[in-house]
Amino acid sequence: MNARVVFTGCGALGAGVVGRGAVAEVLQGGRFAGAEDLPEARLSLLIHDKGTRAWTRTARLLAAAAQLAAQEAGWLAPAPPFAPQDCGVVVGSTYGNLHASVLFDLETLREGPQYVSPQDFANTVINQTAGRIAARHGFTGLNTTLCTGEASALDALDYARTVLRRGRVRAVLCGAGLERAPEAAQVCVRLRTTGVPFAEGAAAFALELEPGARARGARRLAVLAGAGSVFRDGAPGQEEAVQAALEDAGVRAAELSEVIAPASGHAARDAEEGAALERLGVRAPVLAPKAAAGECLEASAALAVALALSRLEARPPAAAPRAVLVCASDPLGHHAAVVLAEAQPALY
């Protein structure tokens, strides 16, 4: 089945603000605002603290974003539209819960393995965030964590689209989040991958097939029109990923209305990425939200998708249908791109 997959909900947190619209406003502002973290008290209110106190902050951030996405999609009680077995969770991750793993290892070395809390060990498992979100919502369908570096969030969207089209599930909560972990920041510095400060953020999306969304009267925010993913070093890898996404969407480079790029203030990488887009014939305006949000690794791409949804939503009624390209690149060779298009026109 090649039915269109649509976004019916989106939740985002970053730069100390909550909600897709508020986050988009910050990301478009151009000034760095990523120094501010979301207060713990407000995060607790979003996810109703009971049962989550032992979770990592990364899991709590993404759980809050998932809650907002599911709420906007109309998936929550008292009348959820899907059975638990028809709902799945897909999460993208760069290093897993790196901060929790480091703390666990340090405690093991200092006190000995017999004194380490088993509950702390649970936070080191790379799939714990996806598993806890699924358990929180009672979703018993597929549960997957993809690890392709900074491209993970976009690869997670592509995977979610695939399982929906194959009928594995009828609805997927998909996203990525990252806390401000000093260990991850050190990795970025050592790999020389970014020129912007490290920050935290999360974004999650409710995805389902368009016929089902239309049948239940759900609002369709956008279509996941195309996706491409390549493992190849440097700009050629990004070029191939973008080309694959455009071909998958049936969109020419000249038809793109906007591009949301992974530019991070690293002069050489940013120049390569810009040159790759130029070679493909992309002439659309380019947004670089990391300048405002900071470096959030896998969460950066998820926040970029949330920004794309807001940009599509803000289209004037008389404007031509639009398609937005979102790109992500990891310095170790993973590159991904997705094309989001407006849900109403039948162009894509």
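The values are calculated or read from the model by the stated rules, or taken from the named source; none is laboratory data. Predicted, not measured: the structure shown is a model, and the values here were computed from it. Note that we place each Cβ from the backbone using ideal geometry, even for glycine, and neighbour counts take in every protein chain shown.
A few comments on the model shown:
- Residue count, segment 90-145 (criterion: in contact (Cβ under 8 Å) with a residue 40 or more places away in the chain, within 25 Å of Ala171 (Cα to Cα) and among the aliphatic types (A, V, I, L, M)): 6
The rows are residues; the columns are (1) closer than 30 Å to Ala66 by Cβ; (2) surrounded by fewer than 17 Cβ atoms within 10 Å (Cβ to Cβ); (3) without any contact (Cβ under 8 Å) to a residue 12 or more places away in the chain.
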{"residue": "Ala261", "(1), (2), (3)": "yes, no, no"}
{"residue": "Ala275", "(1), (2), (3)": "no, yes, no"}
{"residue": "Val282", "(1), (2), (3)": "no, no, no"}
{"residue": "Ala293", "(1), (2), (3)": "yes, no, no"}
{"residue": "Ala299", "(1), (2), (3)": "yes, no, no"}
{"residue": "Leu307", "(1), (2), (3)": "yes, no, no"}
{"residue": "Pro321", "(1), (2), (3)": "yes, yes, no"}
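- For segment 209-219, the criterion of a residue being within 19 Å of the chain's Cα centre (by Cα), small (Gly, Ala, Ser) and surrounded by 19 or more Cβ atoms within 10 Å (Cβ to Cβ) is satisfied by no position.
- Among residues of segment 1-47, those that are over 20 Å from the mean Cα position of the chain (by Cα), outside any loop (DSSP other than H, G, I, E, B) and of a type outside the set (A, V, I, L, M), counted: 3
- Against the numbered list (1) over 22 Å from Gly167 (Cα atoms); (2) of a type in the set (Val, Ile, Thr); (3) buried (at least 19 other Cβ atoms within 10 Å of the Cβ), Val102 comes up short only at (3).
- The number of residues in segment 248-259 that are surrounded by fewer than 17 Cβ atoms within 10 Å (Cβ to Cβ) and touching a strand residue (DSSP E or B) at 6+ places or on another chain (Cβ under 9 Å) comes to 1.
- In segment 48-66, the residues that are part of a helix (DSSP H, G or I) and in contact (Cβ under 8 Å) with a residue 60 or more places away in the chain: Arg57, Thr58, Ala59, Leu61, Leu62, Ala63, Ala64, Ala65, Ala66
- Some residue of segment 298-313 being over 26 Å from Tyr159 (Cα atoms) and either over 18 Å from the mean Cα position of the chain (by Cα) or not hydrophobic (A, V, I, L, M, F, W, C) (or both): no
- Val189 being modelled with pLDDT under 90, under 27 Å from Ser264 (Cα atoms) and either touching a helix residue (DSSP H, G or I) at 6+ places or on another chain (Cβ under 9 Å) or hydrophobic (A, V, I, L, M, F, W, C) (or both): yes
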